[in-house]
Amino acid sequence: MERTLVIIKPDAINRDLAGEVIQRFEKKGLKIAGMKMAHLEACTLKEHYAHHKDKAFYEELINFMSSVPSILLVLEGKAACAVVRKMVGSTLGREAEPGTIRGDYSVSNQCNVVHASENVEIAEHFFDFYTPENKKAC
Ligand code: CMP
């Protein structure tokens with residue numbers, strides 16, 4: 001069975017959408033294999049989003065993601081990565097298809113409710129990355 005990582009972002013927490021988002025995944029048939037709330041630190045997020053470091057929105061993204069705690073969710077199911085990415089929708093809220101999580105709950109580029117791992121390799125990397133024992137000092 002495949003597992004993927006979803007981060008329920010600060011905008012979803014501020015708007016009390018976490019329950020609805022989790023319920024969508026559960027109703028689809030994905031199992032919650034792990035869940036924790038964590039206030040992600042800027043240094044951790046800089047590493048997570050290092051591939052965006054040259055983008056104009058990078059600093060704002062780090063500030064937004066470290067503004068309040070997020071929920072880290074491990075979801076398990078057949079083809080979990082692809083299924084979750086399809087349910088989440090395309091990155092920019094305004095462009096995401098209605099019926100997807102971003103399409104239904106976001107009109108923002110930055111505040112797009114959830115982050116979901118692109119594929120199994122990236123998900124596995126982040127399971128380790130977000131395990132406290134593996135945390136390197138920033
Ligand atoms: P995520 O899937 O977490 O991956 C990178 C994040 O950067 C993305 O969701 C958005 O939160 C943010 N992002 C991507 N594109 C833009 C943009 N054009 N302007 C602002 N934020 C963006």
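The values are calculated or read from the model by the stated rules, or taken from the named source; none is laboratory data. No experiment lies behind these values; they were computed from the predicted model shown. We place every Cβ from the backbone using ideal geometry, glycine too, and count neighbours over all the protein chains shown. Each accessible area value is taken on the protein alone, full model and side chains, heavy atoms only, with ligands, DNA and RNA left out. Shrake-Rupley method; radii C 1.70, N 1.55, O 1.52, S 1.80 Å.
Brief remarks follow.
- Number of the exception - residue 30 against (1) over 17 Å from residue 13 (Cβ atoms); (2) within 13 Å of the ligand (Cβ to nearest atom): (2)
- Scanning the range 50-79 for residues that are away from the ligand (no atom under 13 Å from the Cβ), in contact (Cβ under 8 Å) with a residue 60 or more places away in the chain and touching a helix residue (DSSP H, G or I) at 6+ places or on another chain (Cβ under 8 Å) yields 71, 73, 74, 75, 77.
- Some residue of the range 4-17 being more than 23 Å from residue 131 (Cα to Cα) and either among the basic types (Lys, Arg) or over 16 Å from the mean Cα position of the chain (by Cα) (or both): yes
- Residue in the range 82-100 that is open to solvent by 50 Å² or more (accessible area, probe 1.4 Å), among the aliphatic types (A, V, I, L, M) and more than 11 Å from the ligand (Cβ to nearest atom) present: yes
- Whichever residue in the range 101-131 is under 17 Å from residue 40 (Cβ atoms), of a type in the set (Ser, Thr, Tyr) and in contact (Cβ under 8 Å) with a residue 12 or more places away in the chain and, among such residues, is farthest from the ligand (Cβ to nearest atom): 130
- When residue 36 is tested against (1) in a strand (DSSP E or B); (2) surrounded by 14 or more Cβ atoms within 10 Å (Cβ to Cβ), exactly one condition is not met: (2).
- Test set (1) within 15 Å of the ligand (Cβ to nearest atom); (2) open to solvent by less than 20 Å² (accessible area, probe 1.4 Å); (3) more than 16 Å from residue 118 (Cα to Cα) - residue 46 fails condition number: (2)
- On inspection, residue 116 fails the criterion of being closer than 17 Å to residue 30 by Cα and surrounded by fewer than 19 Cβ atoms within 10 Å (Cβ to Cβ).
- Check on residue 56, touching an Asp or Glu at 6+ places or on another chain (Cβ under 9 Å) and open to solvent by 20 Å² or more (accessible area, probe 1.4 Å): no
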